[in-house]
Amino acid sequence: MKFRFSLVAIALLAAACAKQEPKVVEVRPVRVQTIVLGAQPELSGYSGEVRARYETRVAFRVPGKILSRHADVGAVVKSGQLLARLDPKDLALAEESAKAQLASARTERDLAKAELARYQDLYQKKFISQADLDRRESVHKTAAARLDALQAQYQSSANQASYSALHADTAGVVLAVEAEAGQVVAAGQPVMRIARLEEKEIEINVSEQNVEQLRSAGPLAVRAWALPQKVYKGRVREIAPAADPATRTFAVRVSVVDADAALRLGMTANVVLPHAPDAIAQRATLLPMTALYQKGEQAAVWVLGPDGRLQLRPVGIGQYREDGVVIASGLAEGERVVTAGVHKLIAGQAVRPLQEQQAVPAQAASSAAVPAPAAPTVVAPK
């Protein structure tokens, strides 16, 4: 037994004295950007779509089967121009029926009127009583009222017969066709969507923290992506009273004051707010959204130190945009920030740059007519 204990002790002593292999620290590859700060002369920029202020969904006032359609998508129509036509047979029959009932009622009214005249003569000669005369007057009034009712019914039937032709109420352009020839439509079912061309505006969506900033803004600059050489004047016309339940943004309509024919409906445009005096000296940079690490309510980014290890740095957000996020404070010129896989990193972790890019100054990004390319695809660290 003592011999066995001696062997176990010798084995444990040998294992303890054996040289241990050093633990290999895994160095993860990450994508980084080098910070370049720039002045931010413009507070905000929002992308949107050129829309007409007035868009109308035109429809037939009566149900029926569409016999023909006379306008296509993109067609410029004039006021009163024929757009589509229903099969008028049933409407014509209803008009003829109302017309026949009107003629019958007119005959009954004329007969009641003639009888009333005879009874009035007989009453003057004391051949009939007052009660008989009153009954004849009642019959005449009933016939006259029925004639008036049928006259209105006939006018309504005649109007409905004319409603088989759909005409444009105002001049504009056809944005969409929602019904085709041969289709049976109900009264009021949209057939076409027409936009009036006299007033154009940009529809944008603004986050809740920037609504008041936009509400108090003065003249705005509007740049169409397809027309980078032109700058239009804009003004805020309408701000939605409530946020969209899905996106939590407010819909805003910006009227283009000096819109011309080159600014076509459906174009994509940027709405830029003018600069403020205290914003000119601001130093900011633009990073992709994938660089943000949310720590509670505080936004932060992973900064790569000179020793190759990460530290979490709180930053101030200047603006969320479609092409990234503007970092207004918390970063210095030349620092390197991780731009992908930020939620899989820890403080003090050793990493190596996989791909290094230069960050975009906020000035260059906000003044561009076309937004910056999308952020690189996130590559999960191995």
> Which of the aspartates and glutamates could be linked to Lys113 by a straight reach, that is with a Cα gap under 15 Å, when you skip same-chain ones fewer than 8 residues away?
Replying inline: Asp121, Asp132, Asp134, Glu137, Asp148
> Looking at the square roots a ≥ b ≥ c of the eigenvalues of the Cα gyration tensor of the stretch 123-247, which shape do they give, rounded for a/c under 1.5, prolate if a/b is larger than b/c, or oblate?
Replying inline: prolate
> What's the exposure ranking of Val211, Val236, Val271, going from fewest to most Cβ atoms within 10 Å?
Replying inline: Val211, Val236, Val271
> Just in the stretch 203-266: which chymotrypsin sites (Phe, Trp or Tyr not before Pro) are loop by DSSP and have at most 16 other Cβ atoms within 10 Å?
Replying inline: Trp225
>> So if each residue of separation counts as 0.36 nm, and I subtract the Cα-Cα distance between Val231 and Lys113, what length gain in nm does that give?
In response: 34.9 nm
> So which chymotrypsin sites (Phe, Trp or Tyr not before Pro) in the stretch 105-196 pass both tests, a DSSP loop state and at most 10 other Cβ atoms within 10 Å of the Cβ?
Replying inline: Phe127
> Based on the Cβ-Cβ distance from Leu122 to Leu265, what FRET efficiency comes out when R0 is 56 Å, to the nearest 0.05?
Replying inline: 0.15
> What is the Cα convex hull volume of the stretch 89-162 when expressed per residue in Å³?
Replying inline: 57 Å³
> So which of Lys78/Lys99; Lys78/Lys230; Lys295/Lys344; Lys200/Lys230 end up more than 23 Å apart, counting from Cα to Cα?
Replying inline: Lys78/Lys99; Lys78/Lys230
>> Quick check: pseudo-label points 7 Å beyond the Cα along Cα→Cβ at Glu198 and Leu354, how many nm apart are they?
In response: 5.8 nm
> Listing Asp87, Asp148 from the residue with the fewest other Cβ atoms within 10 Å to the one with the most, what is the order?
Replying inline: Asp148, Asp87
>> Between His343 and Ala145, what is the label-point separation in nm under the 7 Å Cα-to-beta-carbon projection?
In response: 7.5 nm
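Bear in mind these aren't lab numbers, they're just calculated from the coordinates by the rules spelled out. Quick caveat, the model's predicted, so the values are computed rather than measured. Don't worry about glycine lacking a Cβ; one is built from the backbone with ideal geometry, like all the others, and counts go over all protein chains shown.
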